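Read the structure below first, then the notes.
The values are calculated or read from the model by the stated rules, or taken from the named source; none is laboratory data. None of the values given here were measured: they were computed from a predicted structure. Virtual Cβ from ideal backbone geometry, glycine too; neighbours counted across all protein chains shown. All accessible areas refer to the heavy atoms of the entire protein, side chains included, with ligands and DNA or RNA removed. Shrake-Rupley method; radii C 1.70, N 1.55, O 1.52, S 1.80 Å.
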Amino acid sequence: MPMTSQLLRGLPRTKVLASSLLPCQQHHSQLAPITHRPASKRPSHVWLSQQHSRSYQTTSVLCSYILTPPQVNSILKANEYSFKVPEFDGKNVSSVMGFESNQLPANAPIEDRRSAATCLQTRGMLLGVFDGHAGCACAQALSERLFYYIAVSLLPHDSLCELEAAVEAGRALSPILQWHKHPNDYFSREAQNLYFNSLRTYWQELIDLTSPGEVPDTREALQSAFKRLDQDISLEAQVGDPNAYLHYWVLRVAFSGATACVAHVDGSDLFIANAGDARAVLGVQEEDGSFSALTLSNDHNAQNEDEVARIRGEHPPSERKTVIRQDRLLGLLMPFRAFGDVKFKWSIELQKRVLESGPDQLHENEHTKFIPPNYHTPPYLTAGPEITYHKLRPQDRFMVIGSDGLWETLHRQEVVRIVGEYLTGVHQRQPLKVGGYRVTLGQMQALLEERKARVSSAFEDQNSATHLMRHAVGNNEFGTVDHERLSKMLSLPEELARMYRDDITIIIAQFNPHVIGVQRQQGQS
């Protein structure tokens, strides 16, 4: 058995045709945001269109389709996935009881990706959300590769040496990850040898940089894995490949981009590595049974003053007014950290050289030929993550990792309340708020009856991520799921769906308070 397939054992074997990968193009950059989407701050992560804004009459479009509840459920549940951590001797010895995830596309095809895996040669579970822009290629590559880079970074020196010796001798390799993937979460088999060779070069360098008996620090391992994978994505695009399809693919990966938010959970130790504007939030159960939100990551965008100061500090004072314009990097890119996006990292000369030697298909993408304005001192963008650490406590009941499509529609406190009530079955009856709306007694009665009905049907979803997604898309101005609104949002044509919402990807991990309590006691003794 080839070494690649042994190390990457457990991957889905369905052959991915080139035609299924190539269409991952951006379909919405020419569209300006519309006023009927108040929750969204932008049309996309991707580069802001230089064309004039367009306006749309949307009311007639929204009223065109009404889906039945079964049809709505079919759409919402199409990509849901759940995993329960196995028990040993009737006991769950892991701090993670399991997780549930789901995705809802707005782009066609969806540009988000998700990954989940258990580390087999070290300890811990990895969970990640990857939000692509300018196509799905970079997010797809991250979903396949980043966890391997993290797992290798976490291996002690002696294990790395054993891994290299086995490959050198042609012996069978033990897998380092157990993947937990939905059938739609595919692997691009054509690129596996390329990916393996880059990964092997990385662990060979780690062997040279570490000493016998040395065990990696998790924080440093996450930093190293993120930065090295981004470097490899860049290098592979510069070198190219004799295979025409692979040459095109590595360039597509490098010229598109993706943000990444990854959690590594090992016992009561929770690390979050974040680059971009996906977000991780902890659901904490208070003594009265209610839930509060603890943010585990910071968004890397113009709303983050530290990020703005960091970027301005990395470039000359003469660029102070141009490096961030209209809340975008160089006036174009929303996230201030991302993988790929070599248009914001390479010199102009390198971009031209690589494109001139690249396949003709790449020239059809207008963004590859476009040099950002005021492009003087690259790189302007980094994939280096911000690492945060949290020591899990028994009251930390779950964690939500979501792409920004979720957080644009729901506040983190509302997200935590919805998930907490779903998981516990206990609903905190807050006073019904109608804001500044003028509501008659009849309308108020209808709202109260709707809330009562919503409580009784809360377990219509068997997946917490699906339940949260239902609220994210279907919530009305009073904070309740409106089936008519949900139906209309899900029935929008592809060319309009992206104008009202972004792709949404959600992973919800549920923690075991009993195991965490014991582990904390053992750590203190």
Report task. Specify which of the listed residues (E205, E214) is touching a helix residue (DSSP H, G or I) at 6+ places or on another chain (Cβ under 8 Å), surrounded by fewer than 23 Cβ atoms within 10 Å (Cβ to Cβ) and of a type in the set (D, E, K, R). Result -> E214
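Results for (1) modelled with pLDDT under 95; (2) within 24 Å of the chain's Cα centre (by Cα); (3) more than 20 Å from G135 (Cβ to Cβ), shown as yes or no for each residue.
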{"site": "K181", "(1), (2), (3)": "yes, yes, yes"}
{"site": "D185", "(1), (2), (3)": "yes, yes, no"}
{"site": "S188", "(1), (2), (3)": "yes, yes, no"}
{"site": "S224", "(1), (2), (3)": "no, yes, yes"}
{"site": "T259", "(1), (2), (3)": "no, yes, no"}
Query raised in the report: In the range 88-97, which residues are open to solvent by 10 Å² or more (accessible area, probe 1.4 Å) and either touching a residue at least 40 places away in the same chain (Cβ under 8 Å) or acidic (D, E) (or both)?
Result: D89, N92, V93, S94, M97
Report summary line: Note on the range 122-132: residues modelled with pLDDT of 95 or more and either open to solvent by less than 10 Å² (accessible area, probe 1.4 Å) or among the hydroxyl-bearing types (S, T, Y) (or both) are L126, L127, G128, V129, F130, D131, G132
Report task. Taking P109 as the residue in question, decide whether it is out of contact with any Ser or Thr (no Cβ under 6 Å at 6 or more places or on another chain), within 18 Å of A278 (Cβ to Cβ) and either open to solvent by 30 Å² or more (accessible area, probe 1.4 Å) or of a type in the set (F, W, Y) (or both). Result -> no
Report task. Would you please list the contacts, defined by Cβ atoms under 6 Å and residues six or more apart or on different chains, that run from a residue in the range 261-284 that is aromatic (F, W, Y) to a residue that is buried (at least 24 other Cβ atoms within 10 Å of the Cβ) and at pLDDT 95 or above? Result -> F271/H264
Query raised in the report: On the given criteria, is D266 over 18 Å from the mean Cα position of the chain (by Cα) and over 17 Å from L155 (Cβ atoms)?
Result: no
Report task. Report, by residue number, each residue of the range 78-113 that is under 30 Å from V518 (Cβ atoms) and assigned to a strand (DSSP E or B). Result -> Y81, S82, F83, K84, F88, K91, V96, M97, G98, F99, E100, S101
Query raised in the report: Which residue, of G240, G283, is farther than 22 Å from P385 by Cα, crowded, with 24+ Cβ neighbours inside 10 Å and of a type in the set (G, A, S)?
Result: G283
Requested in this report: Mind listing whichever residues of the range 164-179 are part of a helix (DSSP H, G or I) and either acidic (D, E) or touching a strand residue (DSSP E or B) at 6+ places or on another chain (Cβ under 7 Å) (or both)?
Outcome: E164, E168
